[in-house]
1. Identify, from the list Asp66, Asp10, Asp89, the residue that is farther than 25 Å from Thr140 by Cα and either open to solvent by 80 Å² or more (accessible area, probe 1.4 Å) or more than 23 Å from the chain's Cα centre (by Cα) (or both).
2. Can you tell me which residue among Val109, Val101 is open to solvent by 40 Å² or more (accessible area, probe 1.4 Å), without any contact (Cβ under 8 Å) to a residue 60 or more places away in the chain, under 17 Å from Tyr63 (Cα atoms) and assigned by the TED database to the domain that holds Ile213?
3. Within the group Trp125, Trp150, which residue is in contact (Cβ under 8 Å) with a residue 40 or more places away in the chain, open to solvent by 20 Å² or more (accessible area, probe 1.4 Å) and out of contact with any helix residue (DSSP H, G or I) (no Cβ under 6 Å at 6 or more places or on another chain)?
4. In region 181-216, which residue that is crowded, with 16+ Cβ neighbours inside 10 Å and over 20 Å from the mean Cα position of the chain (by Cα) is nearest to Val96 (Cα to Cα)?
5. Condition test on Ala45, is it among the small types (Gly, Ala, Ser), surrounded by 15 or more Cβ atoms within 10 Å (Cβ to Cβ) and more than 20 Å from Phe137 (Cα to Cα)?
6. In region 69-123, what count of residues is obtained for those that are under 15 Å from Ser152 (Cα atoms) and of a type in the set (Val, Ile, Thr)?
Amino acid sequence: MADPFDAALDLLRRLPPSSTQQNLNGIISLRPDLEEDLLSSVDVALTSKRCPKSGRDFLCCDYNRDGSSYRSPWSNQFEPPIDPEDAADLIPGGRVRRMEVALNSAVDVYRELYYEGGTSSAYLWALEEGFAGVVLFKKTSSAGGGKGSWDSIHVLEVTEATSKRSAHYKLTSTVILDLGLSSAAVDSLDLAGNLTRQTQSDNPLSGLRDSEIEQSHVVNIGRMVEDMETRMRNLLQEVYFGKAKDVVGDLRSIQPLSEVGRERDAHREVINKMGR
């Protein structure tokens, strides 16, 4: 008999990506014992909450969740509040919290530059060796009968060298894209999917003081996230949308096929003459 967890993941991969959250909730209602494993393994569109202390929105994911409560990066408190003893183990402090604050400020500037709106959040937590974290971005838009949403989830793991002069960074990034169009001309059209990529690098840490090393981590993480997002954005544009355009062209030509054939023959003739 197949493992229920593997079967659930296989089922979710075969269902429409735009309905992942709905299907995930349905599976969890049937098998509540799989909830924690599924929520930590399946990427879904991000949701946001309002931090009551700062008045700012923050993004929710499995990495800042405890039950039905989520930690705000702005106040470093859970909303709704959780038991203080549990919170003490889940709320970062010291250098990890200082880096988290600096990283949130950095990604907030990045969000304004590249997204011109939307919501961003960053969360860090300590490991036995080094630290880990996640950087999140979400942007939704609706205009002219169309709608779209972009969700970026960047999970990172950082291991510092013994000398504190360099660190190893491992980044796993997922982009969830959901596009839709509804009009009298086309009725309704939906295009959704996700893309995951991973990279690793060793980067130097500048400075001798703790504050300088912490700032170096923020700079290195920000640079890796920016480079990865740019690559994935170009990949979606050039490969996936380009491929979709080619497939549609193969299914139904805009020009009569006789004209397309004559143009192809003329093009081939020019190429042959150039090669002589």
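1. Details: Asp66 fails: either open to solvent by 80 Å² or more (accessible area, probe 1.4 Å) or more than 23 Å from the chain's Cα centre (by Cα) (or both); Asp10 fails: either open to solvent by 80 Å² or more (accessible area, probe 1.4 Å) or more than 23 Å from the chain's Cα centre (by Cα) (or both).
Of the residues listed, the single one that is farther than 25 Å from Thr140 by Cα and either open to solvent by 80 Å² or more (accessible area, probe 1.4 Å) or more than 23 Å from the chain's Cα centre (by Cα) (or both) is Asp89.
2. Numbers: Val109 fails: under 17 Å from Tyr63 (Cα atoms).
Residue meeting the stated conditions: Val101.
3. Selected residue: Trp125, the only one of Trp125, Trp150 that is in contact (Cβ under 8 Å) with a residue 40 or more places away in the chain, open to solvent by 20 Å² or more (accessible area, probe 1.4 Å) and out of contact with any helix residue (DSSP H, G or I) (no Cβ under 6 Å at 6 or more places or on another chain).
4. Here is the first cut: in region 181-216, the ones crowded, with 16+ Cβ neighbours inside 10 Å are 181, 192, 194, 203, 205, 213-216.
After this cut, where a residue has to be over 20 Å from the mean Cα position of the chain (by Cα) as well, the list is 181, 203, 205, 213-216.
On the way: Leu181: 43, Asn203: 18, Leu205: 16, Ile213: 12, Glu214: 9, Gln215: 11, Ser216: 13 Å.
My answer is Glu214.
5. The answer is no for Ala45.
6. Here the count works out to 2.
For every residue, the table says whether it meets (1) in a helix (DSSP H, G or I); (2) out of contact with any Pro (no Cβ under 8 Å at 6 or more places or on another chain); (3) without any contact (Cβ under 8 Å) to a residue 40 or more places away in the chain.
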| site | (1), (2), (3) |
| --- | --- |
| Ser173 | no, yes, no |
| Leu179 | no, yes, yes |
| Ser188 | no, yes, yes |
| Ser201 | no, yes, yes |
| Gln215 | yes, yes, no |
| Gly222 | yes, yes, no |
| Val225 | yes, yes, no |
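The values are calculated or read from the model by the stated rules, or taken from the named source; none is laboratory data. Just so we're clear, the structure is a prediction, and the values are computed from it rather than from any experiment. Cβ coordinates were reconstructed from backbone atoms using ideal geometry, including for glycine residues, and neighbour counts include every protein chain displayed. Keep in mind that these areas ignore ligands, DNA and RNA; they rest on the heavy atoms of the full protein, side chains included. Shrake-Rupley method; radii C 1.70, N 1.55, O 1.52, S 1.80 Å.
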